[in-house]
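Notes follow the structure.
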Amino acid sequence: MEMRTKVKLNNSNQMPILALGVWQSGKQTKQAVLSALKAGYRHIDTAAAYGNEEAVGEAIKESGIAREELFITTKLWNDDVRLGKTREALMTSLNKLGLDYVDLYLIHWPVNGYVDAYLEMENLMKEGYIRNIGVSNFKKHHLEDLLSQVHIIPAVDQMEFNPQMQDQELYQFCKENRIILEAWSPLGSGACLQIPAIQIIAERYQKTPAQIILRWLLQKGIVILPKSVHEERIIENANLFDFQLQDEDICLMDALNQNLRTGPDPDHFDF
Ligand code: A2P
């Protein structure tokens, strides 16, 4: 199935380009993950801070899908970075997920201590607990700082990226350094679905605004993590492989940037 299409990371490992995001999925997490796995998703993106790693683990187990077919991402929380508890935090996450390795482990935010945390993640990767390592919410200057002090180039950087929030500097830097950009809140937490220009494009292609936005990101080489707890939307968000946006529509979408975040700015946050 095409929705299992994968991208090759800078270490030659493969990663599915579509994931289910589960931030704020709450009590519906297990059901959402089960719906996604049924619909063909094989990549799930969670985090210790989301408080739902157990639910993700239960769904994985109940699905009966072979471990090697799945790609599971979780993230190291800020307090554990600050306290130097990377190893303990990963073991806790693995325990909650019911897994003996994660496919991708990310530093959730660029807080003090991220270089040491990353170096410990390099060790944990060599020990087999992590298949790929990366970061989240790192701007270009954070990545430059990190790259000058570590041995392994991050496989991915996960950042808010949607039509209204396009960090072009980061996009270019990731391209040049073979770091895959993953878009969190690809739909701008739903807000981008209301943009008139996108609704007009959607009508022309006979697709939904969500599908237009997600397809635009895929064509830019960005990995997508749309969140939904509704089965019909989970299915809709994966039906992206029977059409292609023309270059002029990609340009129209690129021009919608307003540097408008729905989430915190990685240079100014207080958690
Ligand atoms: P819900 O989970 O109730 O379906 P993002 O991934 O950008 O953060 O956006 C997630 C938000 O967009 C959630 O509120 C989700 O609601 C909603 N959403 C996800 N997919 C769709 C879709 N295909 N159509 C409309 N709303 C959607």
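The values are calculated or read from the model by the stated rules, or taken from the named source; none is laboratory data. Remember, predicted model here, so these are calculated numbers, not experimental data. All Cβ positions, glycine included, derive from the backbone under ideal geometry; neighbour counts span all protein chains shown. To get the accessible areas, we keep the full protein, side chains included, count just its heavy atoms, and leave off ligands, DNA and RNA. Shrake-Rupley method; radii C 1.70, N 1.55, O 1.52, S 1.80 Å.
If I model a spin label at Lys126 and Asn10 as a point 7 Å from the Cα along the Cα→Cβ vector, what separation in nanometres do I get?
Simple spin-label model gives 1.9 nm for this pair.
Mind checking the full-extension length gain between Ser148 and Lys27? Use 0.36 nm per residue of separation minus the Cα-Cα distance, one decimal, nm. List each step's numbers first, then the result.
On the way: separation 121, 0.36 × 121 = 43.56 nm, distance 4.11 nm.
Separation in residues times 0.36 nm, less the Cα-Cα distance, equals 39.4 nm.
Please list the radius of gyration and Dmax for the chain, considering alpha-carbon atoms only, with Å as the unit.
Rg, Dmax (Cα atoms, Å): 17.6, 52.
Can you list which of the chymotrypsin sites (Phe, Trp or Tyr not before Pro) found in the stretch 125-206 are DSSP loop residues with at most 12 other C-beta atoms within 10 Å?
Working: sites: Tyr129, Phe138, Phe161, Tyr171, Phe173, Trp184, Tyr205; in loops: Tyr129, Phe138, Phe161.
Passing sites in the stretch 125-206 do not exist.
Please arrange His151, His230 by accessible surface area, largest first, computed with a 1.4 Å probe and ligands excluded.
Order by accessible area, largest first: His151, His230.
Students often get this wrong, so check it: of Lys75/Lys227; Lys6/Lys220; Lys8/Lys207; Lys30/Lys61, which have C-alpha atoms separated by over 18 Å?
Listed pairs above 18 Å: Lys8/Lys207.
Separation between the His230 and Asn177 pseudo-spin-labels, each 7 Å from Cα along Cα→Cβ, expressed in nm?
Reported label-point gap for His230 and Asn177 is 3.8 nm.
Taking all protein chains as present, what is the carbon and sulfur share of the accessible area of the stretch 89-166, in % to the nearest whole number, probe 1.4 Å?
On the way: 1170 of 2620 Å².
Here it works out to 45 percent.
Report, as a whole number in µm² per second, the diffusion coefficient that Stokes-Einstein gives for the stretch 138-271 at 20 °C and 1.002 mPa s using the Kirkwood radius over alpha carbon pairs.
In µm²/s, the coefficient is 137.
If you filter the stretch 58-156 for GluC sites (Glu not before Pro), then keep DSSP loop positions with at most 16 other Cβ within 10 Å, what is left?
Passing sites in the stretch 58-156 are Glu127.
Per residue, how large is the accessible surface of the chain? Use a 1.4 angstrom probe and give square angstrom. Each step should come with its number before you reach the end.
Working: 11990 Å² over 271 residues.
Per residue, the chain has 44 Å² of solvent-accessible surface.
What is the calculated FRET efficiency for Asn112 to Thr92, with r their C-beta to C-beta distance and R₀ = 30 Å, to the nearest 0.05?
0.90
Restricting the count to DSSP beta bridges whose residues both fall in the chain, what percent are antiparallel, rounded to a multiple of 5?
Of the beta bridges lying entirely in the chain, close to 15 percent run antiparallel.
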